[in-house]
Amino acid sequence: MTFDPTQVLRRAQQTYDIEAAAVQGLKARTGDSFVEAVRRVLASQGRVVVTGMGKSGHVGRKIAATLASTGTPALFVHPAEASHGDLGMITAADVVLAISNSGESAELDAILPVVKRLGALLIGMTGGAQSSLARHADIVLDSGVEKEACPLNLAPTASTTAQMALGDALAVALLEARGFGTEDFARSHPGGALGRKLLTHVSDVMRSGAAVPQVAPDTPFIELMREMSAKGLGASAVVDEAGRVLGIFTDGDLRRLIENGVDLLSIRARDVMHPQPRRTRADALAVDAADLMEQHRITCVLVCDSDDRLVGVVHIGDLMRAKVI
């Protein structure tokens, strides 16, 4: 067989065209049955149980994962395993989404009557309008395509693309109907960057208690430096007797004092502190503290309560370790 680069590119472009047409073709056929499917899933007290054989099964696993991550409890059940005990995962409260391009999968045919007897709602996603799956289904979602991208018109290509797109449309419509927002998404993705940004609060990463560098306003400069060195944050808060924040002193302030030739042995904390330092609250999002540091080009932010009493400090290193930034 002769390798023809031109034909390779032509076939790739034809595949894109065929699969794009398959997805576009869904638009005209997405109507009342789709709306009813969304309505019934929203009203369900159970889960969406997705099932399918072969390539449709692979698509089904992805659809189940997308539904679950966007606010619709879902799982995938393999139809062959369902015939050998996994049907016990399905209850009358569930919605079963069965996927088959032809609608004539033997493994699905074996379980569809049982699913119906259980009383679960059956949604069929198929290109076979007169198929066994379509006849059993309470609601039919038409995922049919004119042809596959495969030049033999055999390998599932355009049909699985259409199934994937229809599943995504279902998940997105449900997401919006549920009022599922970014914080909900973060809760189902706590290990991801968005989850860390929306779920991590300052209280989760701040240093508190004895780890917080702080001195009284009349503290001699040498003691101020000892406190900063001991706590290792390159800064120290200056607080009054009630613990309310008066100011802050940082490594940057020290460099400026040295450059100006100030007699460091004769001064106290109140003489060198920077008044009105940047503050945040313990219940604030850690990402907001990171934004505050970036905006003002600082490396730590004091954490205060509603009475402006010092309760902690958050350092840029703490945010990096927590992977907030």
- Task: Please work out which residue is modelled with the highest pLDDT, limiting yourself to region 312-325 and to residues that are over 11 Å from Thr299 (Cβ atoms) and crowded, with 20+ Cβ neighbours inside 10 Å.
- Result: Gly312
- Task: Kindly provide the set of residues from region 262-271 that are open to solvent by 20 Å² or more (accessible area, probe 1.4 Å) and either touching a Lys or Arg at 6+ places or on another chain (Cβ under 9 Å) or not in a strand (DSSP E or B) (or both), ordered by number.
- Result: Val262, Asp263, Leu264, Leu265, Ser266, Ile267, Arg270, Asp271
- Item | Members of region 235-261 that are polar (S, T, N, Q) and either in a strand (DSSP E or B) or within 20 Å of Ala216 (Cα to Cα) (or both) | Ser236, Thr250
- Only one of these is of a type in the set (Gly, Ala, Ser) and in contact with a helix residue (DSSP H, G or I) (Cβ under 6 Å, 6 or more places away or on another chain): Ala80, Ala43, Ala28. Name it. Ala80
- Candidates Glu259, Glu227, filtered to the one that is without any contact (Cβ under 8 Å) to a residue 12 or more places away in the chain and more than 20 Å from Asp305 (Cα to Cα): Glu259
- Hey, among the residues in region 108-150 that are of a type in the set (Asp, Glu) and within 35 Å of the chain's Cα centre (by Cα), which one's least open to solvent (accessible area, probe 1.4 Å)? Glu148
- Task: For Val140, state whether it is over 30 Å from Ala290 (Cβ atoms), at pLDDT 95 or above and in contact with a Gly (Cβ under 8 Å, 6 or more places away or on another chain).
- Result: yes
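Can you find a residue in region 256-277 that is hydrophobic (A, V, I, L, M, F, W, C), out of contact with any strand residue (DSSP E or B) (no Cβ under 9 Å at 6 or more places or on another chain) and either at pLDDT 90 or above or closer than 30 Å to Asp204 by Cβ (or both)?
For region 256-277, residues hydrophobic (A, V, I, L, M, F, W, C), out of contact with any strand residue (DSSP E or B) (no Cβ under 9 Å at 6 or more places or on another chain) and either at pLDDT 90 or above or closer than 30 Å to Asp204 by Cβ (or both): absent.
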- Task: Please identify the pairs in which a residue from region 275-295 that is over 11 Å from Val314 (Cβ atoms) and open to solvent by 70 Å² or more (accessible area, probe 1.4 Å) has its Cβ atom under 9 Å from the Cβ atom of a residue that is part of a strand (DSSP E or B) and small (Gly, Ala, Ser), counting only partners at least 6 apart or on another chain.
- Result: Pro275/Gly247; Gln276/Gly247
- Query: Based on what the data block shows, is Thr66 surrounded by fewer than 18 Cβ atoms within 10 Å (Cβ to Cβ), of a type in the set (Ser, Thr, Tyr) and under 29 Å from the mean Cα position of the chain (by Cα)?
  - Reply: no
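The values are calculated or read from the model by the stated rules, or taken from the named source; none is laboratory data. Fair warning: this is a prediction, and the values are worked out from it, not measured in the lab. Note that we place each Cβ from the backbone using ideal geometry, even for glycine, and neighbour counts take in every protein chain shown. These accessible areas exclude ligands, DNA and RNA; they are computed on the full protein's heavy atoms, side chains included. Shrake-Rupley method; radii C 1.70, N 1.55, O 1.52, S 1.80 Å.
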